[in-house]
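Where a number appears in this text, it was derived from the coordinates with a stated rule and is not lab data. None of the values given here were measured: they were computed from a predicted structure. Cβ atoms come from the backbone with ideal geometry, glycine included; neighbour counts cover every protein chain shown.
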Amino acid sequence: MEQRVLLHEISYLLFQGVLVVTFAACATYLVFFISQQSRVRLWARSILIVSWSMQSLYIVLRYFLVGNTPVTTYHEAVFFFAWATTSAYLSFRWRYTVKNFGTFVSLLIFGLLLVSSFTTREVIPLEPALRSWWLPVHVGLSLVSYGFLALAFCGGLMYLLQERELKSRKLGYFFSRLPSLDALDHLNSHCLTVGFAFLSLGMVTGSFWSKQAWGTYWRWNPKEVCSLIIWLVYLVQIHQRFTVGWRGRRAALMVIGGFAVVIITLWQVIR
């Protein structure tokens, strides 16, 4: 009992630390966005890496506290979503450089963490039928896919801002601080493709988990229906982009709309 109380206290303090450090990363990225000093960008990235490390440690602590992969409550799922978005960005940043992308992503990450701070951190036991190694595989893949789709959402917002600057014929504040439209469209394409691949794997593993737990691959319950809606929304986007050839503004609006569907249905999926 004393050990659990200690874990609760440590996890609470660690969560508060994650909020503070992530806020510091956001603030530093915003300073870089304004000043465009490379040294500030390095500081911002370093602070975000520290935030990711603390997020990872918090997930490990929650695992020992609840006894299973911590993705079964609103607090845990939204926090894991933030961790997945941070991981997706850092892995993306390792290979690609997109000007000021970190500013937009860090704001989204902090927003998700802030939402998780307003949800209860109570420990809810998992149903015995659902205790399976399919749980971390299915939910982990699904939330990692949301992380990459979140990057596409940020890229879509940046695209619309840059396009507005160019169409106004008055090159203002954002023009010199945002990448070219081609670069942003390529970013959206990459993140959408990777995110949809993980999303599809999440759907498949979810079916196997359902078979193991309930004896059937598909039960048409609200969680499964919401997951199917999200998958179909992004399937349409993949089709329109790579078959019909939609690019630019329409593609950006689609990734923004798709992410809105993710946010709206996420509450039902993790209930």
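Stretched out straight at 0.36 nm per residue, the stretch from Arg39 to Arg169 would grow longer than its current Cα-Cα span by 43.6 nm.
Charge dipole of the stretch 129-271 (Cα centre as origin; +1 on each Lys and Arg Cβ, -1 on each Asp and Glu Cβ, all else neutral): 220 debye, rounded to the nearest 20.
Among Leu184, Leu42, which comes first, then next, by fewest other beta-carbon atoms within 10 Å?
Values: Leu184 27, Leu42 12.
Listed from fewest to most nearby Cβ atoms, that is Leu42, Leu184.
Please work out the FRET efficiency for the pair Val236 and Glu122, using the Cβ-Cβ distance as r and a Förster radius of 30 Å; give the result to the nearest 0.05. Numbers along the way, then the final one.
Working: r = 38 Å, r/R0 = 1.26.
So the FRET efficiency works out to roughly 0.20.
At 10 °C and 1.306 mPa s, grab the translational diffusion coefficient of the stretch 1-126 from Stokes-Einstein with a Kirkwood Rh over Cα pairs, rounded to a whole number in µm² per second. This corresponds to a translational diffusion coefficient of 105 µm²/s. Computed from the C-beta positions of Trp133 and Ser46, the FRET efficiency with R₀ = 30 Å rounds to 0.30. Listed peptides 256-263, 12-19 appear in the order 256-263, 12-19 once ranked by packing, highest mean of other Cβ atoms within 10 Å at the front. Protection proxy ranking of 196-206, 140-150, by the mean of other Cβ atoms within 10 Å over each peptide's residues and highest first, is 140-150, 196-206.
Between Arg250 and Leu57, what is the FRET efficiency for a Förster distance of 41 Å, r being their Cβ-Cβ separation, to the nearest 0.05?
Details: r = 41 Å, r/R0 = 1.01.
So, using R0 = 41 Å, E works out to roughly 0.50.
In order along the stretch 240-252, phi translates into HN-Hα couplings of 5, 6, 9, 9, 7, x, 5, 9, x, 4, 4, 5, 5 Hz, rounded to whole numbers, per the Karplus curve 6.51 cos²θ - 1.76 cosθ + 1.60 with θ = phi - 60° and x for Gly and Pro. Computed from backbone phi with θ = phi - 60° and the Karplus coefficients 6.51, -1.76 and 1.60, the 3J(HN,Hα) list for the stretch 69-82 is 4, x, 9, 9, 10, 4, 4, 5, 5, 5, 5, 4, 4, 4 Hz; x is used for glycine and proline.
If I model the chain as equal point scatterers sitting on the Cα atoms and use the Debye formula, what is log10 I(q)/I(0) at q = 0.11 Å⁻¹? Ignoring solvent entirely, the Cα scatterers give -0.65.
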